[in-house]
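Participant: My questions all concern the structure below.
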Amino acid sequence: MPTMAQVTAGDAGSDYLLATLWYQRSQECRANIETQFELAKLRLDQALKDRRWTAAPQEQKGTFKHKPPAVIVDIDETLLDNTPFVGWLVDNGRYYNQAVWPDWDRWIQAGRAKALPGATEFVAYALSKGVKVFYVSNRVNTQEEATRKNLKAAGFVVDEHEDTVLLKYERLQWSSKKGERRKVVAEKYRILLLLGNDLEDFVDSARSDYQERDRLYESCRSFWGRTWIVLPCPVYGSWDEAAYDFDHSLSRPQIQNVMKEKLLKWDGK
């Protein structure tokens, strides 16, 4: 019989356990991710043939049909797999919060994240078509050197002549909202696709309650699977923070209770 300490540690990590195991070990997850990248290749070919095509209607202003093509891709859980860090959180009974930021930084500086299935092939395909690839991430500016090294080590090509790794705080106005960075790319390029795993990778108003997020989702129906490609991330994201209204002052048991209240439940009848 496990000791009380073992039970406590197991319970503390249980929020992430099933999602992380599915992400790391299931063939279904790998197939899902590769499917999204294969779809992205097809959409990229379509976009190259249609000069009216843009994936950034809010940022792509004026005449853009003669601008060179580009795609914008998120990094974490879009190109790179950071779930070994989540495995460490599970093992240590910890969660994504401000207290683990130093540990998250250590993970990034170590540069050990591997490419997700199909990710390097998609980036190589885009580059072979003459499409510039911009890596737009909410990693912070002090992590840029390590991020570049990790991307290269994982098999991604990173431009050495133009800054294509655009991180949070790299410029004063670059917050966690990515719209400002999309605007910078749109000034010189026609943005063909956005790839990410979080609603925030596509719209700046995603840090809101479920009702508003549902409205955003519905208002963007014409983009999903066409100009916007979403990869799975069941472990963390704005979707999970929205459950507790982004209130990071709550304890984990309080967060768990709020999350349980948000579940749709069978009444047993």
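The values are calculated or read from the model by the stated rules, or taken from the named source; none is laboratory data. Computed from a prediction, not measured in an experiment: that's the story for all the values here. Virtual Cβ from ideal backbone geometry, glycine too; neighbours counted across all protein chains shown. Side chains included, ligands, DNA and RNA excluded: accessible areas come from the protein's heavy atoms. Shrake-Rupley method; radii C 1.70, N 1.55, O 1.52, S 1.80 Å.
Participant: Specify the residue that is most open to solvent (accessible area, probe 1.4 Å); the eligible residues are those in region 67-83 that are outside any strand (DSSP E or B) and in contact (Cβ under 8 Å) with a residue 60 or more places away in the chain.
Facilitator: Of everything passing the filter in region 67-83, 68 is most open to solvent (accessible area, probe 1.4 Å).
Participant: What's the total number of residues in region 127-143 that are open to solvent by 30 Å² or more (accessible area, probe 1.4 Å), at negative phi and either in contact with a Pro (Cβ under 9 Å, 6 or more places away or on another chain) or among the polar types (S, T, N, Q) (or both)? So that I can check it myself, show each step before the final result.
Facilitator: We begin by selecting, within region 127-143, every residue open to solvent by 30 Å² or more (accessible area, probe 1.4 Å); these are 127-130, 132, 138, 140-142.
Within this subset, residues satisfying the condition of being at negative phi are 127-129, 132, 138, 140-142.
So of that shortlist, the ones also either in contact with a Pro (Cβ under 9 Å, 6 or more places away or on another chain) or among the polar types (S, T, N, Q) (or both) come out as 128-129, 132, 138, 141-142.
Residues in region 127-143 being open to solvent by 30 Å² or more (accessible area, probe 1.4 Å), at negative phi and either in contact with a Pro (Cβ under 9 Å, 6 or more places away or on another chain) or among the polar types (S, T, N, Q) (or both): 6 in total.
Participant: Within region 4-30, restricting attention to residues that are among the polar types (S, T, N, Q) and part of a helix (DSSP H, G or I), which residue is modelled with the lowest pLDDT?
Facilitator: 6
Participant: Among the listed residues 99, 113, 124, identify the single one that is surrounded by 17 or more Cβ atoms within 10 Å (Cβ to Cβ) and either aliphatic (A, V, I, L, M) or modelled with pLDDT under 95 (or both). Before the answer, list the steps.
Facilitator: On the way: 99 fails: surrounded by 17 or more Cβ atoms within 10 Å (Cβ to Cβ); 124 fails: surrounded by 17 or more Cβ atoms within 10 Å (Cβ to Cβ).
Selected residue: 113, the only one of 99, 113, 124 that is surrounded by 17 or more Cβ atoms within 10 Å (Cβ to Cβ) and either aliphatic (A, V, I, L, M) or modelled with pLDDT under 95 (or both).
Participant: Which of the residues that make up region 84-103 are part of a loop (DSSP other than H, G, I, E, B) and either touching a strand residue (DSSP E or B) at 6+ places or on another chain (Cβ under 6 Å) or within 18 Å of residue 241 (Cβ to Cβ) (or both)?
Facilitator: 94, 95, 96, 97
Participant: With the structure loaded, tell me whether residue 136 is of a type in the set (Val, Ile, Thr), out of contact with any Gly (no Cβ under 8 Å at 6 or more places or on another chain), part of a loop (DSSP other than H, G, I, E, B) and modelled with pLDDT of 95 or more or whether it fails that test. Show your work before the answer.
Facilitator: Working: of a type in the set (Val, Ile, Thr): yes; out of contact with any Gly (no Cβ under 8 Å at 6 or more places or on another chain): yes; part of a loop (DSSP other than H, G, I, E, B): no; modelled with pLDDT of 95 or more: yes.
Considered against the rule, which asks whether it is of a type in the set (Val, Ile, Thr), out of contact with any Gly (no Cβ under 8 Å at 6 or more places or on another chain), part of a loop (DSSP other than H, G, I, E, B) and modelled with pLDDT of 95 or more, residue 136 comes out as no.
Participant: Scanning region 144-164 for residues that are in contact with a helix residue (DSSP H, G or I) (Cβ under 6 Å, 6 or more places away or on another chain) and under 12 Å from residue 80 (Cβ atoms), which turns out surrounded by the fewest Cβ atoms within 10 Å (Cβ to Cβ)?
Facilitator: Among residues in region 144-164 that are in contact with a helix residue (DSSP H, G or I) (Cβ under 6 Å, 6 or more places away or on another chain) and under 12 Å from residue 80 (Cβ atoms), the one surrounded by the fewest Cβ atoms within 10 Å (Cβ to Cβ) is 155.
Participant: I'd like the full set of residues that are over 13 Å from residue 79 (Cβ atoms) and aromatic (Phe, Trp, Tyr), limited to region 114-169.
Facilitator: Hits for region 114-169 are 125, 169.
Participant: In addition: For region 41-65, which positions are farther than 20 Å from residue 230 by Cβ, outside any helix (DSSP H, G or I), open to solvent by 50 Å² or more (accessible area, probe 1.4 Å) and out of contact with any strand residue (DSSP E or B) (no Cβ under 8 Å at 6 or more places or on another chain)?
Facilitator: Passing the criteria: 52, 61, 62, 63.
Participant: A further question follows. Restricted to region 185-199, and to residues that are charged (D, E, K, R) and touching a residue at least 40 places away in the same chain (Cβ under 8 Å), which residue is most open to solvent (accessible area, probe 1.4 Å)? Show your work before the answer.
Facilitator: Residues of region 185-199 charged (D, E, K, R): 187-188, 190, 198.
Of the ones still in play, those that are also touching a residue at least 40 places away in the same chain (Cβ under 8 Å) are 188, 190, 198.
Working: 188: 116, 190: 7, 198: 21 Å².
The extreme case among them is 188.
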